[in-house]
Amino acid sequence: MYHRSAIYISAFWALLLPALAASPAAGEPPAADRPRIGLALSGGGARGAAHIGVLKVLEEMRIPIDCVAGTSMGSIVGGMYAMGMTPAEIEELVSTIDWSDAFLDDIPRDDRSFRRKRDDDSYLVRQRPGISGFTLRFPPGILNGQKIDLLLKRHTMPAREVRDFDDLGIPYRAVAADIETGEQIVLGGGDLALAIRASMSIPIVFAPREIEGRLLVDGGIACNLPIDVARAMGADIVIAVDISTPLAGRDELRSVIDIADQVSSILTRRNTDVQIGELGPGDLFIAPDLGDITTASFGRSAEAVPVGYAAADTIRSLLAHLSVSEEEYAACERRRRRLLPAEPPTIDGVRVENDSRLADGAITRRLGIEAGVPLDVDGLEEDIARLYGLELFESVYYDVGEEGERSILEVKARENSWGPNYLQLGVAVFEDYEQPNFNLALAYTRTAINRLGGEWRTGIQLGQEPGAFTELHQPLDLSLKYFAHVRASIGEDAANIFDPDGNRIMELGVRRGGIEAALGRELGAWGEVRGGVLRESGRIEVLTGDPAIPDEEFDAGEAYVQFYVDELDALTFPRSGWSLRLRGTAGIEDLGSDGEFRQGTAEGSLALSKGRFTVFLGAQTGTTQDSDAPFQSRFRLGGFASLSGLEQDELIGQHMGLLLGTAYVRLRGGSTAAVYAGGSLEYGNVWESRSEITAESGVPAGSVFVGIDTPIGPIMLAFGLAEGGRTNYYLSLGQALARHRAGLWTRR
């Protein structure tokens, strides 16, 4: 019966050795007086680092490997070894990779286009399913694997010219599975990085990869321990290393996730046992006892290396007859490492393989490739990250091909298979226990409506602030920098009037609708400048309060210019970066405004972190030139992080100033939710005239809060305190720390 720590080896090796016939094999054959040795490395996620420990023992004992076959994590270690890396080099690579980042598909905010950053201003959930007719469409995997693709490509660059894996340092095979048929697929040629990536594409977790018309996933579902593959490569002796996870006991099956994982393990275990049954009397089988290191424990992968070493170390006496002389082993190593070290290729041209609606020229303009110079992999990855940051592509991949004596960089941009039409939902709650505010939103976005990447979006908002909008964002050239933007919106929000003690004496409803048009230029992913005009009409109604006050209609006609820099790493709980927005607005009668007025606003923020601790500083100021802005255009303060302790938008005036200092600590991190706790100090006020503005006229306030950054938005519970003993409690969903108040239909 199979046991996870068992080691199979014949006690009659010396008798059987003369009977072993050398099989035909690709690559340079071993010396005539020794058998051909094959290595079979199983999949098992983070546990696969144990393979490195086994390789270390084989290296110490001067045991040459003549062919290697690997599945999933075994394909990574086996591929790197076949390419020529030493076990120590592979260990350094595995231990220095930030696996938690590599297995996240979140695009770093630095790489997202400025247009995409502005999506964060609303409270819409970032995950957006596609829609076709009345059918929702979803990505083929939780993760697209963009980062893993580039990571593997970078580290297999020395093998870029190898298209037959028999021509690597040692012959190599990666094992994948056809998700359509379940058939085992043995990859023996093509792009090494892509073959490894296909072999490790865990179904549901990673999107499959297409190779030669087949949609491939992790080979573990078909053949997790490819002993028969190594045998087919001509191995006389197979050293098989199984690091797959043992089945869980009944006490460990506590949730639906545990059950699903067990079902997957059972399927893998069965095909592994079949392979183990193929071991011959001269083969060796090693199963390191990795204890509680799981497939997902990449933070503990370094611990798996010595466990693999110890497992191989215990059978040195059984391995000893496979050792060769120093001279022969050195010759084998020279052949294995002949691809290393490798200089980066000099790129003579660029070719784009583009299946999206975006023009090829728009893609090449984002790639700063200079012909006639060595390829800068760091720079190329940055360019690809910014291209991927447009959020139009399921993957952006590259390869280096040869056309005669010319090296051609091939960039393959694959459009989202679930696009180009998307739906987004959003729920925003702001509860200050005096005036609850609940809004539900739905937005439809059509991307890449033309070759320049035009985008049309329509949204509705239901709740205390109902509204709707439709907008068109149209880049004007292949650089996608210059743009035109048109937006039409209608909506209603509440404006409350308070007495000096903070008691609400009147609630006004401000209804308005209009159209805005702007021209602008993105300044890279970090900023934007734009100018535009706004024309709208509205009505201010008394909802509660003195019924004798008549409703008031208004017309607005405004022109504005805005300069905006956004380098924050997040708006929810930023930990680094800064932002600055400068805006000048003018009410102009010739544009339909009821009156002339001039306003200027400036706001900025800075986030600094050390370890788990963050300091977030912010400042806002706004002024009206002659203190003559109409009611609907005046500045407002009040609410959480905006003079906490006061009611939401309690203060309203012609001039405004606010200083904010916030400190918080990350109590718990994670890919799905991070927990924070902190507090803020605030000082500011609004004023009706400039003569009232003095340093002493500000209102001191502060807060303490706890928050959770979740996939559906930040959830925060806060207690605020302001001058005069004013206190308030806040519960919010969808309201990010780095913005005062999220909206969907309102102007930004």
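Go over the candidates ALA296, ALA302 one by one and state the one that is over 28 Å from GLU60 (Cα atoms) and surrounded by 12 or more Cβ atoms within 10 Å (Cβ to Cβ).
ALA296
Could you say which residue among GLU183, GLU161, GLU212 is out of contact with any Gly (no Cβ under 7 Å at 6 or more places or on another chain), in contact (Cβ under 8 Å) with a residue 60 or more places away in the chain and more than 21 Å from LEU143 (Cβ to Cβ)? Working first, answer last.
Working: GLU183 fails: in contact (Cβ under 8 Å) with a residue 60 or more places away in the chain; GLU212 fails: in contact (Cβ under 8 Å) with a residue 60 or more places away in the chain.
The unique qualifying residue is GLU161.
Can you report the number of residues in the stretch 270-293 which are without any contact (Cβ under 8 Å) to a residue 40 or more places away in the chain and surrounded by 15 or more Cβ atoms within 10 Å (Cβ to Cβ)?
At the first step, the residues of the stretch 270-293 found to be without any contact (Cβ under 8 Å) to a residue 40 or more places away in the chain are 270, 274, 277, 291-292.
Still in the running and surrounded by 15 or more Cβ atoms within 10 Å (Cβ to Cβ): none.
Residues that pass the stated criteria total 0.
Give the residue, chosen from LEU267, LEU216, that is more than 25 Å from GLU59 (Cβ to Cβ), of a type in the set (A, V, I, L, M), out of contact with any Cys (no Cβ under 6 Å at 6 or more places or on another chain) and modelled with pLDDT of 95 or more.
Details: LEU267 fails: modelled with pLDDT of 95 or more.
Residue meeting the stated conditions: LEU216.
All but one of (1) over 30 Å from GLU343 (Cβ atoms); (2) surrounded by fewer than 17 Cβ atoms within 10 Å (Cβ to Cβ); (3) more than 18 Å from the chain's Cα centre (by Cα) hold for GLY189, so report the exception by its number.
GLY189 satisfies all of (1) over 30 Å from GLU343 (Cβ atoms); (2) surrounded by fewer than 17 Cβ atoms within 10 Å (Cβ to Cβ); (3) more than 18 Å from the chain's Cα centre (by Cα) except (1).
Could you pull out every one of the strands (runs of 3 or more DSSP E) wholly within the stretch 634-731 that has 3 or more residues that are crowded, with 22+ Cβ neighbours inside 10 Å and touching a Gly at 6+ places or on another chain (Cβ under 7 Å)?
Values: elements: 635-637, 651-653, 655-668, 674-687, 699-710, 713-722.
Passing ranges, in order: 655-668, 674-687, 699-710, 713-722.
I'm trying to understand the selection: among the residues of the stretch 316-363, which are among the acidic types (Asp, Glu), open to solvent by 60 Å² or more (accessible area, probe 1.4 Å) and more than 23 Å from VAL400 (Cα to Cα)?
The answer is GLU326, GLU327.
Just give me the residues in the stretch 37-88 being open to solvent by less than 10 Å² (accessible area, probe 1.4 Å) and among the charged types (D, E, K, R), in sequence order.
Within the stretch 37-88, ARG47 is the sole residue that qualifies.
Can you tell me which residues in the stretch 465-522 are in a strand (DSSP E or B), closer than 30 Å to PRO547 by Cβ and small (Gly, Ala, Ser)?
GLY467, ALA468, SER489, GLY491, ALA494, ALA495, GLY509, GLY513, GLY514
Could you please let me know if VAL427 is touching a strand residue (DSSP E or B) at 6+ places or on another chain (Cβ under 8 Å), closer than 30 Å to PHE134 by Cα and crowded, with 21+ Cβ neighbours inside 10 Å?
So VAL427 fails the test.
Tell me yes or no: at least one residue of the stretch 180-203 is at pLDDT 95 or above and touching a Phe, Trp or Tyr at 6+ places or on another chain (Cβ under 6 Å).
yes
Please enumerate the residues belonging to the stretch 460-487 that are open to solvent by less than 40 Å² (accessible area, probe 1.4 Å), in contact (Cβ under 8 Å) with a residue 24 or more places away in the chain and more than 18 Å from VAL529 (Cβ to Cβ).
The answer is GLN461, GLU465, GLY467, ALA468, PHE469.
Name the single residue that is nearest to GLU59 (Cα to Cα) among those in the stretch 233-263 being β-branched (Val, Ile, Thr) and in a loop (DSSP other than H, G, I, E, B). Walk me through how you get there before you give the answer.
Step one: filter the stretch 233-263 for residues β-branched (Val, Ile, Thr), giving 237-239, 241, 243, 245, 256-257, 259, 263.
With the extra rule that they be in a loop (DSSP other than H, G, I, E, B), the set shrinks to 243, 245.
Details: ILE243: 20, THR245: 26 Å.
Among those residues, the one meeting the criterion is ILE243.
Tell me the residue from ARG451, ARG457, ARG406, ARG414 that is within 22 Å of ASN144 (Cβ to Cβ), out of contact with any Cys (no Cβ under 7 Å at 6 or more places or on another chain), touching a residue at least 12 places away in the same chain (Cβ under 8 Å) and of a type in the set (D, E, K, R), please.
Working: ARG451 fails: within 22 Å of ASN144 (Cβ to Cβ); ARG457 fails: within 22 Å of ASN144 (Cβ to Cβ); ARG406 fails: within 22 Å of ASN144 (Cβ to Cβ).
Exactly one of ARG451, ARG457, ARG406, ARG414 is within 22 Å of ASN144 (Cβ to Cβ), out of contact with any Cys (no Cβ under 7 Å at 6 or more places or on another chain), touching a residue at least 12 places away in the same chain (Cβ under 8 Å) and of a type in the set (D, E, K, R), namely ARG414.
Every residue in the stretch 9-68 that is of a type in the set (Asp, Glu), assigned to a loop (DSSP other than H, G, I, E, B) and either modelled with pLDDT of 95 or more or closer than 30 Å to THR294 by Cβ (or both), please.
Of everything in the stretch 9-68, just one residue is of a type in the set (Asp, Glu), assigned to a loop (DSSP other than H, G, I, E, B) and either modelled with pLDDT of 95 or more or closer than 30 Å to THR294 by Cβ (or both), namely ASP66.
Within the bounds of the stretch 623-633, is there any residue that is open to solvent by 20 Å² or more (accessible area, probe 1.4 Å), free of Cβ contacts under 8 Å to residues at least 60 places away in the same chain and touching a Ser or Thr at 6+ places or on another chain (Cβ under 9 Å)?
There is no residue in the stretch 623-633 that is open to solvent by 20 Å² or more (accessible area, probe 1.4 Å), free of Cβ contacts under 8 Å to residues at least 60 places away in the same chain and touching a Ser or Thr at 6+ places or on another chain (Cβ under 9 Å).
What number of residues in the stretch 556-573 are at pLDDT below 95 and not aliphatic (A, V, I, L, M)?
Selection size over the stretch 556-573: 3.
If we scan the stretch 242-261, do we find a residue that is farther than 23 Å from ALA102 by Cβ, open to solvent by less than 10 Å² (accessible area, probe 1.4 Å) and not aromatic (Phe, Trp, Tyr)?
Yes: one or more hits.
Somewhere in the stretch 78-99, is a residue modelled with pLDDT under 90 and among the charged types (D, E, K, R)?
Scanning the stretch 78-99 turns up at least one residue that is modelled with pLDDT under 90 and among the charged types (D, E, K, R).
Which residues, taken from the stretch 364-376, are crowded, with 16+ Cβ neighbours inside 10 Å and in contact with a helix residue (DSSP H, G or I) (Cβ under 8 Å, 6 or more places away or on another chain)?
ARG366, LEU367, ILE369, listed by residue number.
Mind listing whichever residues of the stretch 133-183 are open to solvent by 60 Å² or more (accessible area, probe 1.4 Å) and hydroxyl-bearing (Ser, Thr, Tyr)?
THR135, THR181, listed by residue number.
Within the set of pairs 6 or more residues apart or between chains, which connect a residue that is aromatic (Phe, Trp, Tyr) inside the stretch 99-118 to a residue that is surrounded by fewer than 18 Cβ atoms within 10 Å (Cβ to Cβ) with Cβ atoms less than 9 Å apart?
Pairs found: TRP99/GLY299; PHE103/VAL205; PHE103/ALA296; PHE103/SER671; PHE114/LEU523; PHE114/GLY524; PHE114/TRP526.
The values are calculated or read from the model by the stated rules, or taken from the named source; none is laboratory data. Since this is a predicted model, take the numbers as computed values, not measurements. Cβ atoms come from the backbone with ideal geometry, glycine included; neighbour counts cover every protein chain shown. Heads up: the accessible areas ignore ligands, DNA and RNA and are worked out on the full protein's heavy atoms, side chains in. Shrake-Rupley method; radii C 1.70, N 1.55, O 1.52, S 1.80 Å.
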